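Inspection log for the structure reproduced underneath, given as structure tokens.
The values are calculated or read from the model by the stated rules, or taken from the named source; none is laboratory data. These numbers come from a predicted model, not from an experiment. Methodologically, a virtual Cβ is constructed for each residue, glycine included, from the backbone with ideal geometry; neighbour enumeration extends over all protein chains shown.
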Amino acid sequence: MTTTTSTTDTTASSTALVLKPQKSSLATLKGLLPFLAPYKRQFLLAGLALLVAAGATLAIPYAFRQMIDLGFANAGSAGAATSKSIQHVDFYFLALFGVASVLAIATAARFYMVSLLGERVTADIRSAVYRHVIVQSPQFFETSQTGEVLSRLTTDTTLIQAVVGTSISMALRNALLFIGGLGMLFVTSVKLTAIIIVLLAVVVLPIVFFGRRVRKLSRASQDRIADASAMAGEILNAMPTVQAFTHEAIEARRFAASVEQAFETAMQRIRTRSVMTVVAILLVFGAIVFVLWLGAHAVIQGTMTRGELGQFILYAALVAGSIGALSEVLGEAQRAAGATERLLELLSAHSQVQSPARPQPLPPRAAVGSALALRHVSFHYPSRPLTDSLSQLTLDIEPGETVAVVGASGAGKTTLFQLLLRFYDPQQGAITLDGVDIRQLDLHALRDAIGIVPQDTVIFSANALENIRYGRSDASDADVIAAAKMAAAHEFIEKLPEGYRSFLGERGVRLSGGQRQRIAIARALLKNPPLLLLDEATSALDAESERLVQKALEAAMVGRTTVIIAHRLATVQRADRIVVMENGQIVETGTHASLVALGGIYANLAKLQFHSAH
């Protein structure tokens, strides 16, 4: 049975493209709609609060006008206030406070709702991306950098949070203020509005130009600082080498040059920001003074009231402020569009290794373990399409048999295990477990039937009990302790400060290599699978621990099929059969005695190891 290589290689290529940043348009933000759709009610409430807040903001200048024109209209020539003018002043001050109260409540409600939406949608996106990434095959991680994926989960989602939780609301609010303010400007004075529109263009365009320049220089400054930090981190982590080659002065000069480059970039940003500040203040106040001058003449001439002039100035300030805010929001939205595109690319990546639509069940478990067979299996890694890791490999393993796989590094031993676990699918051939092609099995059913002790032991940031229980999540404490005893781990765990409740540290830093490996063995034994894969399971153990674990493993092998990878031949001598691999092919098969007598590759390996041991 054969399968073509085109789909695998194509996917590898497409996966590699996943993490390439691209320029994005704002239309990319439409990809967020499926995450926003479940919260229509919250968006409706936020929109309602937004409308009320915008309406209250637009009402304030009108209230000021009424207060000025009607409140002070009846004041006496000598400044003595009449009873009627006092009533007007009191009423419009109360009205102004009422508008401010409505604005405060509506703004708080808008802030609460949009912040809630930002946090909720961001959490949903993070969960969806993480849930999608962790089911990808190792092929995905072979062509992608894990650090880049983590950056997408944190930095990119934070940008989206800023847009959903702040920028969208700010954009809508300022758009409403711009439209409403512009309309009220025309209502107040068509002539002055025409003038103010021209002045706003003159004021805003330089500010937008300088703002973009400042943002670019800010990013460049951060990049230069990051470069200097990366250089410092690299050198500080390699100080023995630096000092051994007497490169202290050279590295100090390199770092100083990097710091100076960051300083020069920062100074460019500071100079541009300073010029922008001068230009903005001069233009804004120049425009305000000019319009006030025109308005003052209109008031003197009697074509405009004092209240109308005050109202006009306030609406002009609202319109100018909304334009500036919209330009800032547009920049944030552009960045979020890029982040959205990268996250959507992650979500669109699909693993070639998936459970079939209608998986076949495994036959009932036999008392002696599973039968395993490989038929003409050929495989190359997607990142190395011209180099076969396995070539036309055929192997039959009987239920309950213990088979050791040996060979030099790069012979294909670990690749064999990855295919058995279906981390990858072979380009040619088939692998069957108890007579069923593993591609026809549900992935969880397949992997539940296999226990593995990897060469590089993974210890999670948890206590010993939970680390072993990772092998079977529903196992009782008694089951965990029994597995630890079988793996010769119980004694050292009991001696830990809190026994099985002891925290083992990040990546198990509080344990020795041998102790970490015994935890991994206990985890596999707790799973109690019909097929056991041991990848250098005793490589990190001292002689005494190896003896204990080897005895435990021999007991654990009873009633299950076991495949062992080992460089140390002393650990495989008791195997029912030894398979010798070279360049992805089986070159010798037999027992330890028969292979030594054969005088081939295994005999040479045995001679080198046992001779060096003596």
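Confirm whether VAL259 is on the phi < 0 side of the Ramachandran plot and at pLDDT below 80.
Details: on the phi < 0 side of the Ramachandran plot: yes; at pLDDT below 80: no.
Spelling it out, it is not the case that VAL259 is on the phi < 0 side of the Ramachandran plot and at pLDDT below 80.
From (1) under 27 Å from the mean Cα position of the chain (by Cα); (2) surrounded by fewer than 18 Cβ atoms within 10 Å (Cβ to Cβ), pick out the condition that doesn't hold for ALA408.
(1)
List the number of the failed condition for VAL403; all other conditions in (1) over 38 Å from the mean Cα position of the chain (by Cα); (2) of a type in the set (Val, Ile, Thr); (3) part of a loop (DSSP other than H, G, I, E, B) hold.
Single failed check for VAL403: (3).
Has the range 306-319 got any residue that is part of a helix (DSSP H, G or I), modelled with pLDDT of 75 or more and surrounded by fewer than 16 Cβ atoms within 10 Å (Cβ to Cβ)?
Keep residues of the range 306-319 that are part of a helix (DSSP H, G or I), which gives 306-319.
Retained after the next criterion (residues that are modelled with pLDDT of 75 or more): 306-319.
Retained after the next criterion (residues that are surrounded by fewer than 16 Cβ atoms within 10 Å (Cβ to Cβ)): 306, 317.
The answer is yes; a qualifying residue exists.
List, please: which pairs have Cβ atoms under 9 Å, are six or more places apart or on different chains, and start with a residue in the range 43-66 that is within 21 Å of LEU309 (Cα to Cα) and end with one that is not in a helix (DSSP H, G or I)?
As it stands, the answer is ARG65/THR305, since those pairs meet every condition given.
Assuming GLY286 fulfils every condition listed in (1) crowded, with 17+ Cβ neighbours inside 10 Å; (2) farther than 22 Å from ALA220 by Cβ apart from one, which condition is it?
Single failed check for GLY286: (1).
Of (1) among the charged types (D, E, K, R); (2) closer than 30 Å to LEU32 by Cβ; (3) surrounded by fewer than 19 Cβ atoms within 10 Å (Cβ to Cβ), ARG342 satisfies all except one. Which?
It fails just one condition, (3).
Of all the residues that make up the range 343-379, how many are within 13 Å of ALA445 (Cβ to Cβ) and of a type in the set (Gly, Ala, Ser)?
Residues meeting the conditions: 2.
Results for (1) in contact (Cβ under 8 Å) with a residue 40 or more places away in the chain; (2) over 16 Å from LEU531 (Cβ atoms); (3) of a type in the set (S, T, N, Q), shown as yes or no for each residue.
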{"position": "PRO364", "(1), (2), (3)": "no, no, no"}
{"position": "ALA371", "(1), (2), (3)": "yes, no, no"}
{"position": "ARG375", "(1), (2), (3)": "yes, yes, no"}
{"position": "TYR381", "(1), (2), (3)": "yes, yes, no"}
{"position": "PRO399", "(1), (2), (3)": "yes, no, no"}
{"position": "ASP434", "(1), (2), (3)": "yes, no, no"}
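Pick from the range 590-609 the residues that are among the hydroxyl-bearing types (Ser, Thr, Tyr) and part of a helix (DSSP H, G or I): which of them is modelled with the lowest pLDDT?
TYR602
Checking the structure you have, find out if any residue of the range 273-290 is among the basic types (Lys, Arg), over 30 Å from PHE209 (Cβ atoms) and assigned to a helix (DSSP H, G or I).
no
Look at the range 370-400 and say how many of its residues are in a loop (DSSP other than H, G, I, E, B), surrounded by fewer than 19 Cβ atoms within 10 Å (Cβ to Cβ) and of a type outside the set (D, E, K, R).
Of the residues in the range 370-400, 6 are in a loop (DSSP other than H, G, I, E, B), surrounded by fewer than 19 Cβ atoms within 10 Å (Cβ to Cβ) and of a type outside the set (D, E, K, R).
Could you say which residue among GLY233, GLY286, GLY324 is modelled with pLDDT under 80 and more than 33 Å from the chain's Cα centre (by Cα)? Explain how you work it out, then say what you get.
On the way: GLY233 fails: more than 33 Å from the chain's Cα centre (by Cα); GLY324 fails: more than 33 Å from the chain's Cα centre (by Cα).
Exactly one residue qualifies, and that residue is GLY286.
Considering only the range 396-413, state which residues are closer than 14 Å to THR562 by Cβ and hydrophobic (A, V, I, L, M, F, W, C).
ILE397, VAL403, ALA404, VAL405
Just give me the residues in the range 561-589 being buried (at least 18 other Cβ atoms within 10 Å of the Cβ) and either part of a helix (DSSP H, G or I) or at pLDDT below 85 (or both), in sequence order.
If the condition is that a residue be buried (at least 18 other Cβ atoms within 10 Å of the Cβ) and either part of a helix (DSSP H, G or I) or at pLDDT below 85 (or both), then ALA566, LEU569, THR571, VAL572, ALA575 are the ones that fit.
Rundown of residues vs (1) within 28 Å of the chain's Cα centre (by Cα); (2) at pLDDT below 90; (3) not in a strand (DSSP E or B), yes/no style:
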residue	(1), (2), (3)
GLN418	yes, yes, yes
ASP425	yes, yes, yes
ILE431	no, no, no
HIS444	yes, yes, yes
ARG447	yes, yes, yes
GLY451	no, yes, no
THR457	yes, yes, yes
